[in-house]
Structure formats: C-alpha cells, structure tokens
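Heads up: the structure comes next, in structure tokens.
The values are calculated or read from the model by the stated rules, or taken from the named source; none is laboratory data. No experiment lies behind these values; they were computed from the predicted model shown. We place every Cβ from the backbone using ideal geometry, glycine too, and count neighbours over all the protein chains shown. Each accessible area value is taken on the protein alone, full model and side chains, heavy atoms only, with ligands, DNA and RNA left out. Shrake-Rupley method; radii C 1.70, N 1.55, O 1.52, S 1.80 Å.
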Amino acid sequence: MKRIISCVALIVAAVLALNAQKPMKAPKGGKMISDELIGIFFEDISSSADGGLYAELVENGSFEYSPAERDGWGAGTSWKVIRPGHSLGLIEVRKDKGIHPNNPTYMRLTAERTKEYYDYKGWKGYGIENDGFDGISVKAGAKYDFSAFFRNFGDAKQIRVALVEPQGWGKDPKLLADATLTVDASNWKKYETVLIPDSTCQNAALQILMLTNGDMDIDMVSLMPEDTYKGHGLRKDLAQALADLQPKFMRFPGGCVVHGGGDGFWDTYRWKTTIGPKEQRRGLKNTWGYHQSMGLGYFEYFQFCEDLGMEPVPILPCGVSCQGTNGGWGMYPTQAQDVVPMSEMDEWVAEAIDLIEWANGDPATNKWAKMRADAGHPAPFNLKYLGLGNEEKISPEFCERFRYIYNKVMKKHPEIVIVGTAGPGSHPGNSDLEEGWKLADELGMPIIDEHYYEPNTYFLNKRQYDAYPRDRKTKVYLGEYAAKDKKLIDALAEGLYLLHVERNGDIVAMTSYAPLFAKKTNTNWNPDMIYFDNERPYLTCSYYVQQLFGQSSGQYYYGDCVHFDGDAKGVEQPQEDVHYGQSVILNVKTRKLYVKLVNASEEKKEAEIDLSRFGIKKLAKKTVITGSANDENNYEKQPIAPKTETIKAKKKFDIDVDPYTMMMLEYSL
C-alpha cells in the first residue's frame, strides 16, 4: 500500500511539474508584445573590459601599449624594473621575430648580476614588476594561473614568479606566493604555474625575476584567477550582476568602439583579429582613449551570451566612420565622416558573411566555423541577429554603403535578422531619424536601432512610441538610452518610460540601457548602470529598476487591469506629463503574471487592481524600490535596493503606491 501511495504521489508531482512547464492560453484582453524587451549593451567604455569584466589581472601583459594610444604610454607602461639585492641588468623593447604579427612587441631581459651583493640577505634577481589595474586584488587560498611566453638564449634560466605586497621604498615586499620556473626553450614557448596567496591583499604586485645571468625574451604575461564565471575567464561578481538582470540579449562590442570613433576608420574594430589564440589577437586603440587587449573578444562575447541564455547581437561597421571623426562633432560633421570607397566594400560584406559562418557554420566545410570549433565550441552559436552600423549620421554615403551590405547579406543569409540604425538622436523631427526610417521602409528592414540620452524630464513627460504607425514592417530597438543622472528620480523616470515601451511592445522589440559598466578610476561617461572597483560592483538605482523589468518579461500586455484613483475609466497609463503608471505582463511560457506600478510623483497614488480573469494562486511576491527623489547609490552608501516579501494573493484589491516608488507584484498561475 505504501508503495502504491508513493507511486501516486510521484505521478501527481510529475503531472504538476508538467503543467507548470506547459505554456498556458492567454486570457482575453491582452496584446501580444515582444518577450525580448530587456537586454544589455556592452561597450568597452570606462575600462569595462580590461580591468573590468575580463578577469585578467596584469595590465599591458603583451607590451603593446603605445604613445599613439595615449600620451606618455609605451611598451613599458604599467611595468617597472626591479633589482633586489643590487642586481644589475638591462631591459630592451624589441619587435623583431615576435610571437605573431598581430602581437609584435616584447621585452628582452638581460641579467648581468643576479647574486646577492656583499652580505645583503633579502630578495635577489633582476626583472620586472606589474601592479595590474590599480593594484592586483588577491584572496588567501585562491588559485591564480600565471603564464607567459619566454624565449631563452644560452644556458637555461631560473625564473622566480612571485605575488608580493609592496612595503615601500627600501623594504623587502611581503611574499604572498611564489614559484620557480626553468626556461630553456630557444623558441617562443608558453610556461605556466599556479600561485596560491597565503593572505588576502588588495594592492598586490606580480614580480618576474631572473635568477640566472644572460638574455631572455618575454611576452604575453598573464595572471588569471581560476575562479571565473562558469570558468570562462570573466570576473565572477560583475558577470553575476549581469546575470541577475535576466537580460534576453546582449549587444556588443559597441557603440562608437565599432567604427573608429574620433580617430578615423584606421582603428575600426575587426572581429577576425579578436578570435583564436590570445597571443595572436591584435590589440587596438580604444575610442575612449585606452588600449583594448582583445582578451575579451568575439569568442568570449558569444560564449557569455550562451552562458546567460542571451541572444548575441554583434554590431559591425558598414563602411562609414563615426561622424565624430576628426572633430566632426563640431560644425561640419558630414565632411568629417571617413568612408570606404565602393570599390572596397566587398571586404566589409565578407566581414559580415564570414561572421555568420563563424557563428553558425559547419566546421567540416567552413574555415571560419572550424576556427570556432578549434577554440572549443564545435556546436553553432545559433546567431539570429546582426547589427550593421552604429548611430552614424544617415548621410547619402552611409545609405549607399548600407544598402550594398544589407542586400548582399540578405541574399546569402535571409534567415538573419538585420538591425539597422537611426543615427545618434532618435527623436521625431531629427533628420537622421527621418532618413534612417526612410531607408528602413525602402529595404523592409526588420529592426532599426534608436538612441537618445535625455534629462529625466523627457522620460517623465514624453511618450514617443504612442504615435508610431502600427502598419510598418520595421520594429524598434531602443539600443541606447538613459536619463542623464543616477538619482532615484532618474531611475523611476526610466521605469515609467519602460511601462510606455511595454504598452508599445508590439512595435518596440528590444531595449538596452547604456552605458553598462564604469570603473571608479577611469570613468569616461556618466551615468552608468554599474560602477565597480577591484573589489565589488556598485549597483545604481537604474540597475534595480532594469532588474525588475528583466525579471518580468512576457508575451502579453494588459492595460485594463489597473485603475488609478481620480483617472477616468479606460485610461491606460503612462500618459504624457503624468508621472505615474502601470503595466500588467503575462508570461505564458513560465505561467507568471507581473503587475508593475511606478509613482515618480511627490504624492501617494491609490490603485485599484482587478486580476479576476487570471487563475492566480494563493501567494504572491511583492518587490518595492522606494526612497527620496534625490537618493543615489554610490561608493560610500547604497540607500536604494529592492525589498521583497511574500503576501497573500487577491484577485481584486486596492493598493497604495508611495511617492518615488516602483512596485512589482508577481503571481504564479
């Protein structure tokens, strides 16, 4: 009998689990919307990659920094010579017979005296030291993988690799971990070891010391924590902060990074030089004034999208530079654009088609797909979206080149969804927006990317998409937007605007706040969603609002379930110049219902809610973000964070929404 009861219980549990996973039928009154509305946009701005999301701890490990990138920079940037025990030697920058043409620069170390001098009983050897990106942060007992390429001349060399905590001038550093390597290869060879610090230190340095006299070349120095996000080389806490947003897609690598920014087309981001072995990748001057090592390259971007269940949305240039080139943000932006001659445009067509083949192709028949497989991913990445262009001025030159690439790619890969661009200021009346949409209508483009950054008053008062035609084939991707500050009122203004986007989720397919990351010591742009230092991320008010929207994606919008006291019946919020609003979203796949309420005004609002058409269960989750209008999360204090509680679910009820508050109610169905 017990066995029968147990079997019945298992069957019931299995049926319940199956029903929970089975998509439900949406009740009447809902409007179908995109369930990919909330994504993220990653651009390497404000040290978001090197020294940020990419977990590498050594700065300029390839010695490729250059004065062409920043005044005062060179191959030795972030490095210094050390000679404990009064050792003697020489360091020389070399470019002959490097590891790879994409990575030509290396250092030659010549040690002339590595023994202790007289009766000095401290450290010894001749070598170099790197303190990473504002210090190397290490934890006691954690494992750190050291690697470097060495080329030896003459007798084998003993090399000491050490993690140390500097103690100031004239004092031996405190040893945290060390290892000894024997370098004997006469050609470039990668040497590796693991360092395990015995204590935690936030400002450690990495030392590489020759203990044997003679000559030796060194390149591609790396120190990588073993504990990275899913073992894929990304900083765990920053990657987790993105995972917690539950984004549906990621746009990358830019932004202005894509097409050369203010320096011209010569430093355009080329995805083909960011894949393959890291010693063969080509570093690049960043639009924002620093070096990109490309340790975080296209393979890592796609892999991260897979890890988070996001659709990858790579953006490629289409033969026209940023209008900011050569001072083009000034009086003559059209004249400042660099353009590729039409006779050379097939190279840029190949850039797009080869990327699709790299991501989706068969390694047995395609060389680019084979490179993906050789990197450890034989299965396709299933690329669906491809962006062409990034907020370029929609000039005749741009239109000509965009049409050329678009038609060629569509002929070869009609299954790919092309994302176009509407220029840098996507407001009605803007000539770029008008010309961008004209081109989109002409080509039947699936999606067009709009960008705008505005004071919070815009997001509080305007409802741009209510007036968009419903009969257009082209959908909207709001790829870059943000209120121009990071106070609670700014985040609530963005939240109110996203309610408007959800109501228009039949024409707006995707959105992504920008910029995503900024390092405390190297911030190019404000505001940003996530600030960070070497120890932790600092989550802004906007982050938490984005998180609630990311958690509440769905396929149906209901505008008639919530009524605010004092409004006429049938009014769907948010309206223009009304600073409160609501949205009810149903996810038929997860069988979840979400009620979101935003009050960005100084007065309490009472809402009447009727969910009687939905078969809600007995309990619900209530999440609230609230505070004063000018509250702000920063490095010193974090006053704003969501507070969650379990409440009894009701089908009909009234609820108060306090001033400067966002509330979300989550129901299981």
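Could you state, as a whole-number percent, how many of the C-alpha pairs of the range 362-501 are farther apart than 20 Å? Spell out each step's value before the answer.
Details: 5498 of 9730 pairs.
Roughly 57 percent, once rounded to a whole number.
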Any chance you could list the semi-axes, whole Å, largest first, of the equivalent ellipsoid that the Cα gyration tensor gives for the range 460-599, using √(5λ)?
28, 17, 16
Can you tell me the orientation of helix 298-308 relative to the chain, as the angle in degrees between its alpha-carbon axis and the longest Cα principal axis, to the nearest 10?
50 degrees
Calculate the FRET efficiency for GLN158 and LYS97 from the Cβ-Cβ distance with a Förster distance of 22 Å, rounded to the nearest 0.05.
0.40
Can you tell which of LEU242, GLY425, GLN167 lies farthest toward the positive end of the dipole of the chain, using +1 and -1 charges on the Cβ of basic and acidic side chains (Lys, Arg; Asp, Glu)?
LEU242
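In square nanometres, what is one fourth of the surface area of the convex hull spanned by the alpha carbons of the range 571-668?
Values: hull surface 30.5 nm².
Projected over every direction and averaged, the Cα hull of the range 571-668 covers 7.6 nm².
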In degrees rounded to 10, the 0-90 angle between helix 488-503 Cα long axis and the longest Cα principal axis of the chain is 60 degrees
CD proxy, 222 nm, the chain: helix-only mean residue ellipticity via -39,500 (n - 2.57) per DSSP H run with n ≥ 4, per residue, nearest 500, stands at -6000 deg cm²/dmol
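Write down the accessible area per residue of the range 116-212 in Å², having rolled a 1.4 Å probe over the full set of protein chains.
48 Å²
Given Cβ point charges of +1 (Lys, Arg) and -1 (Asp, Glu) and nothing else, what value in debye, to the nearest 20, does the dipole of the chain about its Cα centre take? It would help to have the intermediate numbers written out before the result.
Details: 79 positive and 92 negative charges, 521 e Å.
Around 2500 debye, computed over the chain.
Which links in LYS174/LYS230; LYS569/LYS605; LYS484/LYS592 stretch past 25 Å when you go from one Cα to the other? Walk me through the numbers on the way to the answer.
On the way: LYS174/LYS230 32 Å; LYS569/LYS605 16 Å; LYS484/LYS592 33 Å.
Distance filter (> 25 Å) returns LYS174/LYS230; LYS484/LYS592.
Roll a 1.4 Å probe over the protein chains and send me the accessible area per residue for the range 586-625 in Å². Walk me through the intermediate numbers first.
Working: 1810 Å² over 40 residues.
Heavy-atom accessible area per residue stands at 45 Å².
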Post the alpha-carbon centroid distance, the range 577-640 to the range 372-448, in whole angstrom.
35 Å
Size of the range 312-442 as Cα extents on the principal axes (Å, biggest first):
51, 28, 25
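Which entries of LYS139/LYS189; LYS189/LYS384; LYS604/LYS648; LYS486/LYS650; LYS171/LYS637; LYS384/LYS438 have Cα-Cα distances beyond 31 Å here? Please list the in-between numbers first.
Working: LYS139/LYS189 29 Å; LYS189/LYS384 39 Å; LYS604/LYS648 22 Å; LYS486/LYS650 35 Å; LYS171/LYS637 36 Å; LYS384/LYS438 24 Å.
Long pairs (Cα-Cα over 31 Å): LYS189/LYS384; LYS486/LYS650; LYS171/LYS637.
Count charges around ASP490 for me, please; just the other residues with Cβ under 14 Å from its Cβ, Lys/Arg as +1, Asp/Glu as -1. Walk me through the intermediate numbers first.
Numbers: positive: LYS484, LYS486, LYS487; negative: GLU454, ASP485, GLU494, ASP528, ASP631, GLU632.
The answer is -3.
Starting from the Kirkwood Rh over alpha-carbon pairs, what translational D in µm² s⁻¹ does the range 496-541 have by Stokes-Einstein at 10 °C and 1.306 mPa s? Walk me through the numbers before you get to the answer.
On the way: Rh = 12.4 Å.
In µm²/s, the coefficient rounds to 128.
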Projected label distance in nm at ASP71 and GLU608, using a 7 Å step from Cα toward the beta-carbon
6.7 nm
When DSSP beta bridges are limited to those with both residues in the chain, what percentage is antiparallel, rounded to the nearest 5?
75 percent
Angle check, please: helix 541-551 long axis (alpha carbons) against the longest principal axis of the chain (alpha carbons), in degrees 0 to 90, nearest 10.
70 degrees
Quote the FRET efficiency, to the nearest 0.05, computed for THR644 versus GLU226 with a Förster distance R0 of 30 Å and r equal to the Cβ-Cβ distance.
0.35
THR521 paired with ASN634, simple spin-label distance in nm, labels 7 Å along Cα-to-beta-carbon:
2.0 nm
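Ignoring ligands, DNA and RNA, what percent of the accessible area of the chain is carbon or sulfur (1.4 Å)?
Values: 13940 of 27510 Å².
Reported share for carbon and sulfur atoms: 51 percent.
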Based on the Cβ-Cβ distance of GLU306 and GLN240, what FRET efficiency does E = 1/(1 + (r/R0)^6) give at R0 = 22 Å, to the nearest 0.05?
0.85
Taking the Cα centre of the range 139-294 as the origin and placing charges on Cβ (Lys, Arg +1; Asp, Glu -1), which of ILE275, THR212, GLY231 is farthest toward the positive end of the dipole?
ILE275
Which of these values of semi-axes √(5λ) of the Cα gyration tensor in Å was calculated from the structure shown: (i) 41, 33, 23; (ii) 36, 30, 26; (iii) 48, 31, 25?
(iii)
Would you calculate the separation in nanometres between label points at ASP533 and VAL81, each defined as 7 Å from the Cα along the Cα-to-beta-carbon direction?
3.3 nm
Full-stretch length increase - TRP266, SER668 - with 0.36 nm per residue and alpha-carbon distance subtracted
139.4 nm
